[in-house]
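Below is one structure, written out as structure tokens; comments come after it.
Here, each number is a calculation from the coordinates, and none is a lab measurement. Note that the coordinates shown come from a computational prediction; the quantities given were computed from them, not determined experimentally. Here the Cβ positions follow ideal geometry from the backbone for every residue, glycine too, while neighbour counts run over all protein chains shown.
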Amino acid sequence: MSANPSPNPATTGRGANVQLPTDQELVLKVIPMPGDCNANGDIFGGWVMAQVDLAGAVVPARYVKGRMVTVAVNEFVFKQPVRVGDILSFFAKLTRIGRTSITVKIEVFAERFGSLNEYAKVTEASLTYVAIDEHGKPREVPQKLI
């Protein structure tokens with residue numbers, strides 16, 4: 001899997017110089033390196049997915065206050081390639097708090113190397129995390145942020 005989707009006239013160039021979200025929390029910034037590339041020179045999709053999983057866990061961790069696991073990748077869309085040297089900004093927002101689970105929307109924006117303050121939306125995803133106890137069994141998520 002690659003973070004470089006097939007060229008599509010409907011999406012090529014879309015999302016360049018977009019505004020960063022103001023209704024979500026910036027939870028992670030990272031710069032992909034040459035070792036994160038596939039044979040085509042684009043960043044591995046799996047590398048991006050791992051970063052999204054880390055970023056997505058930040059906000060639910062405040063509610064869960066203990067162990068949690070990723071149980072579902074509900075949606076994952078690669079919109080544009082990620083390149084070496086891009087500064088990636090990961091924004092997260094809770095979309096659902098269930099009895100034992102929390103679903104989070106994550107959006108990833110690339111500040112392209114050499115074009116400061118110009119952003120492109122490169123990835124969006126929805127992941128679900130479940131709070132677990134010391135035995136790995138689901139446990140209830142507190143409904144209030146303490």
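Computed values, structure above
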quantity	calculated
Selection from L116, P34, I132, by position along the positive dipole direction of the chain (Cβ)	I132
Student exercise, the chain dipole from Lys, Arg, Asp, Glu Cβ charges, in Debye to nearest 20	420
Ordering of 56-65, 120-129 by packing [mean C-beta count within 10 Å, highest first]	120-129, 56-65
Label-point gap, in nm, between F113 and K65 - each point 7 angstrom along Cα→Cβ	4.4
Difference of contour (0.36 nm per residue) and Cα-Cα distance, K93 to Q143	16.4 nm
Sites N74 and A16 - FRET efficiency at Förster radius 35 Å, r taken between beta-carbons, to 0.05	0.85
Radius 11 Å from Cβ of G114, net charge of other residues (Lys, Arg +1; Asp, Glu -1)	-1
Partner aspartates and glutamates for K93 [C-alpha distance under 14 Å; skip if fewer than 8 residues away on the same chain]	D23, E25, D53, E107, E124
Residue-count net charge about Q24 - beta-carbon cut-off 10 Å; Lys, Arg +1, Asp, Glu -1	-1
